[in-house]
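Colleague: Questions regarding the structure given below will be posed in turn.
The values are calculated or read from the model by the stated rules, or taken from the named source; none is laboratory data. Remember, predicted model here, so these are calculated numbers, not experimental data. All Cβ positions, glycine included, derive from the backbone under ideal geometry; neighbour counts span all protein chains shown. All accessible areas refer to the heavy atoms of the entire protein, side chains included, with ligands and DNA or RNA removed. Shrake-Rupley method; radii C 1.70, N 1.55, O 1.52, S 1.80 Å.
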Amino acid sequence: MTADRSQQSWPPRLAVLLGVCALLVWGAPRAAAQSNAPIQVRTLGNQHGFTDEREPDRTVVVFQGGVEVQQGARLLLARRLVLVLRGGASGSDADGSTDDDASSLPAPESSNTGYIVPGSRVLELFLEGDVTLDEANERVVGAESIYVDNQTGTLSIERGTWRSKTGNNSLYVHFESMRRHPDGTRELRGVRATTCSSCDPDWNLETERATLQDTLDGQVLHTAGNVVEVGGFPVFWLPGLHLNTDKDRPPLRRVEIGSSRRLGTEVRTIWGGNADEAMSRVAEAFGVEGPVKGDWGFMLANYTDRGVFYEPSWEYETASSKGKLFGAYIRDRSSQDFQPNSLPRLEDKTRGRVDLQHRTRLDDEKVIDIELSYLSDSEFLREYYESESRIGKEQETYVNYRDVSDNNAFSLLARGRLNDFQSQAEYLPHAEWRRTGEVLDLGVLGEPVLTQKSFVDAVRYAPGEDPTSPDPQEDSRRNTRAGTAGSLTWPFDLENGDRVQLKAGYDVTAFDRTVDVPDDPSITGVDTTQEGTGDVRYALTGGAEWSRTYSGTGEAQSETWNLDGVRQILEPRAGYLSVFELNDRPPDLVQIDEVEQLDLMQRFELAFRHRIQTHQDNQVKTILDTDVSVPFYPNEGRDNPVLDVNAPGGVAVYDQDEGRTSGDIVVDTRWTPGARLFALRQAMVRWRATIDPNGWGYKRSFLSYETRIDETKSFAVSENKARHASNFVSAGVEWELTQRWTTAVFFERDQLTKESARRGVVLRQRAECWMMDLELSQRRGTNTIGGGSSSNRDRDESRVSLRFWPRVGGRSEESLLQRLGRVR
């Protein structure tokens, strides 16, 4: 990934204008010539006709005082009409004038029909004075004049406003002149275009000239000398534009203007559009036949403290493949990241990423998945994609082939590593066979379900590079493995309604290496270190599960609580699982992934699910749903040890000599009352908690309440806490002030430190053709638990952000609480 300094001079406003141009012309309709259609003229004033002196075989008829002209689907209104007809006028004087106003026209049949002239006789029409043209889905109003050459079908308009509508999108084009040719091509001069109908639009585009031309692939727009004005002031400029208006959506998706301590002043534009033609050409170059659907995206941002940020993306889909290519690039002007403890970047300031996701379906059973992920440095993702770095998937590079037929599957995986700073397992390769859910008919013994898995691989665990280590590869761990595992489940439905499942399983895995045996310090003078040798691990598992469903109904009725009968469903269950035979435990094996994590274990579990249902709006609704479970460990020291926070060295470890028989109680409940009460009609209360049964105190708890008070007001509040670690209370409210203005206020408070963790306000305007969000917010550093000192956490950040994007296609908008991620 390289770029010279000239790339930094690309102003984001160039991309803004590109999208505005396309938005203004998107969806322009076609109109056909009307040369053969008869012309019907109605007038409220007088009319007179005369023979053209220069061409005696032509007659000119003038209508004044307001006219209406109907020509097929075209309707014209004007103050004055001049018709040039084929053939001379009867009863004309020597000077060409006539006393008979209508001598050159058939007599009107009635006051409603007016004069009807065959289209073959009409040569030219000229209308002037506040001219209006209505045709199909477009309209021209307020024009100075319109000239129609009825022989060729050419139409010329001077100084008017062209209005066009397709779907939910309106287009208003003010022009000095517009000429429409018989093939539908339009040539415009002195154009001011907008999607706003008001006299003072929110924004408009000015261009010296524009051409809209019909092609086999759709209407293609060419413009030159484009200037975008916002609020009457010129903002962006672009030399020209080439766009297929039938295929491309408006490229401009969103514009954001803001300021933050991390990036400085931000001007960010987000674009997107159709890329069918470009993707088809790329596919042809690789020998792929058939149509290709494609979309492109582009984010262009200018960060005053960091530089110009480029983020292109392409999505494509063929009959058998689909994928996405995504990239980012910046030449970072800062030598130190905003996050604390970041390594300085003194030499190479070029930073970025490349991501590829691709899937090819060979047939109904065979699929190839490819993923590629490259990052320039270990801090780039955290600095520019903070949310993804915290909760996103692992950055991977692999090729995976899968063949799935019924309940059998085979996969072949090759996974490497492009980012040396990542700790990751590499598979070169990993082959796996699976058989899932195969029902065996054993006669009187029932029909157990068999699941099996076998694999073989060459694997290496590659730790991230340590700048202090002279040999970054010295900690790498390699192994060659092959194994097979299976489980058998016998379900039995008893006559009393109980359901019992018996389970048995096995695991046999061969390892090329086990851990080295360290030197025995009790033996002096001799190095007793032994290199790990190959070994075969085997394990046997067994278990059972019982469950039953109880249900009952009641006659509860309440208009206030919106109850129409009540049904309760209780599903208790109990289970036991044991790994009772294992010859090699995890400390004996080279740790690479979950294969080496299999360990001896015994666990009982008691649980139940309880639901309350009623009829609401002629449907069965679950108004209360609760799930509770608690495990028990007979070998508590091995399977559920106590965390020793006073271990030597200040590092918390698990004490294998002490444990607790009962594990944590996990509760998950959801209440959606649907009652006819204020704040409960569209409310949901959710509680998820992990409770320590020994002290009956919580370890983790999340409690939230969300509601829509009416169609214009929403409210949400939550509490998210972990014992001795964090306690955050969050709240947000969204309020529609008017039809055009909505506001939302939110805050998050750290109850342990009594500090504000997050707070702000967002104001949204629904303009006629734009959506706009103005956000003012403050956020405390994110890498802190319970506050912490300022030197140990990320720096606090203040932010001012202005986002605006076009209202296109009647697309539903996200609520402000969704925009803010609701509350935690």
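Colleague: Go through region 544-567 and give me each residue that's in a strand (DSSP E or B) and either among the acidic types (Asp, Glu) or open to solvent by 60 Å² or more (accessible area, probe 1.4 Å) (or both). Working first, answer last.
Modeller: Taking region 544-567 as the starting set, the residues that turn out to be in a strand (DSSP E or B) are 544-547, 550-558, 563-567.
Within region 544-567, Glu545, Trp546, Tyr550, Ser551, Thr553, Glu555, Gln557, Asp564, Arg567 qualify.
Colleague: To continue, here is another question. Is one or more of the residues making up region 701-715 in contact (Cβ under 8 Å) with a residue 12 or more places away in the chain, more than 22 Å from Ile665 (Cα to Cα), touching a Leu at 6+ places or on another chain (Cβ under 6 Å) and not polar (S, T, N, Q)?
Modeller: Checked against the condition, which is being in contact (Cβ under 8 Å) with a residue 12 or more places away in the chain, more than 22 Å from Ile665 (Cα to Cα), touching a Leu at 6+ places or on another chain (Cβ under 6 Å) and not polar (S, T, N, Q), region 701-715 yields no hits at all.
Colleague: Could you list, in sequence order, all residues of region 380-399 that are under 14 Å from Asp420 (Cβ atoms), not β-branched (Val, Ile, Thr) and not in a helix (DSSP H, G or I)? Even if it seems obvious, please write down each step before you answer.
Modeller: As a first pass, look at region 380-399 and keep what is under 14 Å from Asp420 (Cβ atoms): 380, 395, 397.
Next, from what is left, pick out any that are not β-branched (Val, Ile, Thr): 380, 395.
Gln395, the sole residue that qualifies.
Colleague: Just to be sure I understand the filter: pairs with C-beta atoms under 6 Å, separated by 6 or more residues or on different chains, first member in region 382-393 and over 16 Å from Glu311 (Cα atoms), second member among the basic types (Lys, Arg) and assigned to a helix (DSSP H, G or I). Which pairs pass?
Modeller: Once the first residue is over 16 Å from Glu311 (Cα atoms) and sits in region 382-393, its partners that are among the basic types (Lys, Arg) and assigned to a helix (DSSP H, G or I) give Ser389/Arg382.
Colleague: Across region 734-755, what is the number of residues that are open to solvent by 50 Å² or more (accessible area, probe 1.4 Å) and either touching a residue at least 24 places away in the same chain (Cβ under 8 Å) or in a strand (DSSP E or B) (or both)? Give the steps one after another, and end with the answer.
Modeller: From region 734-755, those open to solvent by 50 Å² or more (accessible area, probe 1.4 Å) are 735-741, 745, 747, 749, 751-752, 754-755; that's our starting set.
Narrowing the set further to residues that are either touching a residue at least 24 places away in the same chain (Cβ under 8 Å) or in a strand (DSSP E or B) (or both) leaves 735-736, 739-741, 745, 747, 749, 751-752, 755.
Number satisfying all stated conditions: 11.
Colleague: Further question on the same structure: Which is closer than 30 Å to Arg261 by Cβ and out of contact with any Gly (no Cβ under 9 Å at 6 or more places or on another chain), of Arg390, Arg417? Let's see the steps before the verdict.
Modeller: Details: Arg417 fails: closer than 30 Å to Arg261 by Cβ.
That would be Arg390, the only listed residue that is closer than 30 Å to Arg261 by Cβ and out of contact with any Gly (no Cβ under 9 Å at 6 or more places or on another chain).
Colleague: If I filter region 121-152 down to residues being open to solvent by 10 Å² or more (accessible area, probe 1.4 Å) and of a type in the set (Gly, Ala, Ser), which single residue comes out as modelled with the highest pLDDT?
Modeller: Ser145
Colleague: If you don't mind, there's one more thing I want to ask. Might you let me know whether region 576-584 holds any residue that is charged (D, E, K, R) and either modelled with pLDDT under 95 or in contact with a helix residue (DSSP H, G or I) (Cβ under 8 Å, 6 or more places away or on another chain) (or both)? Reasoning before the result, please.
Modeller: At the first step, the residues of region 576-584 found to be charged (D, E, K, R) are 581, 584.
If we keep only those that are either modelled with pLDDT under 95 or in contact with a helix residue (DSSP H, G or I) (Cβ under 8 Å, 6 or more places away or on another chain) (or both) as well, we get 581, 584.
There is at least one residue in region 576-584 that is charged (D, E, K, R) and either modelled with pLDDT under 95 or in contact with a helix residue (DSSP H, G or I) (Cβ under 8 Å, 6 or more places away or on another chain) (or both).
Colleague: Looking for whichever is crowded, with 16+ Cβ neighbours inside 10 Å, in contact (Cβ under 8 Å) with a residue 40 or more places away in the chain and among the hydrophobic types (A, V, I, L, M, F, W, C) here; the options are Leu570, Leu577. Which one fits? Before you say what the answer is, go through the steps one by one.
Modeller: Details: Leu570 fails: crowded, with 16+ Cβ neighbours inside 10 Å.
Just a single option satisfies the conditions, and that option is Leu577.
Colleague: Same structure, new question: Identify, please: which residue in region 380-434 is modelled with pLDDT of 90 or more and among the β-branched types (Val, Ile, Thr) and is, among those, nearest to the chain's Cα centre (by Cα)?
Modeller: Thr397
Colleague: Can I ask one more? Regarding region 174-195, can at least one residue be identified that is open to solvent by less than 20 Å² (accessible area, probe 1.4 Å), among the charged types (D, E, K, R) and either in a strand (DSSP E or B) or at pLDDT below 75 (or both)?
Modeller: Yes: region 174-195 contains one or more residues that are open to solvent by less than 20 Å² (accessible area, probe 1.4 Å), among the charged types (D, E, K, R) and either in a strand (DSSP E or B) or at pLDDT below 75 (or both).
Colleague: Could you please give the count of residues in region 339-362 that are open to solvent by 100 Å² or more (accessible area, probe 1.4 Å) and modelled with pLDDT under 60?
Modeller: So the count comes out to 3.
Colleague: Open to solvent by 40 Å² or more (accessible area, probe 1.4 Å) and at pLDDT 95 or above: does that describe Asp535?
Modeller: Values: open to solvent by 40 Å² or more (accessible area, probe 1.4 Å): yes; at pLDDT 95 or above: no.
No, not satisfied.
Colleague: Also: Which residues, taken from region 675-718, are farther than 23 Å from Thr661 by Cα, more than 27 Å from the chain's Cα centre (by Cα) and open to solvent by 50 Å² or more (accessible area, probe 1.4 Å)?
Modeller: Listed by number, the residues that qualify are Arg676, Leu677, Phe678, Arg681, Trp687, Leu703, Ile709, Asp710.
Every residue, every condition in (1) closer than 30 Å to Arg681 by Cβ; (2) at pLDDT 85 or above; (3) in contact with a Ser or Thr (Cβ under 8 Å, 6 or more places away or on another chain), yes or no:
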| residue | (1), (2), (3) |
| --- | --- |
| Glu711 | yes, no, no |
| Arg758 | yes, no, yes |
| Thr782 | no, no, no |
| Ser791 | no, no, no |
| Arg811 | yes, no, no |
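Colleague: A further question on this structure: Which residue pairs have Cβ atoms under 7 Å apart, sit 6 or more places apart or on different chains, and have a first residue in region 286-305 that is closer than 23 Å to Gly272 by Cα and a second that is open to solvent by 70 Å² or more (accessible area, probe 1.4 Å) and aromatic (Phe, Trp, Tyr)?
Modeller: Gly294/Trp314; Trp296/Trp314
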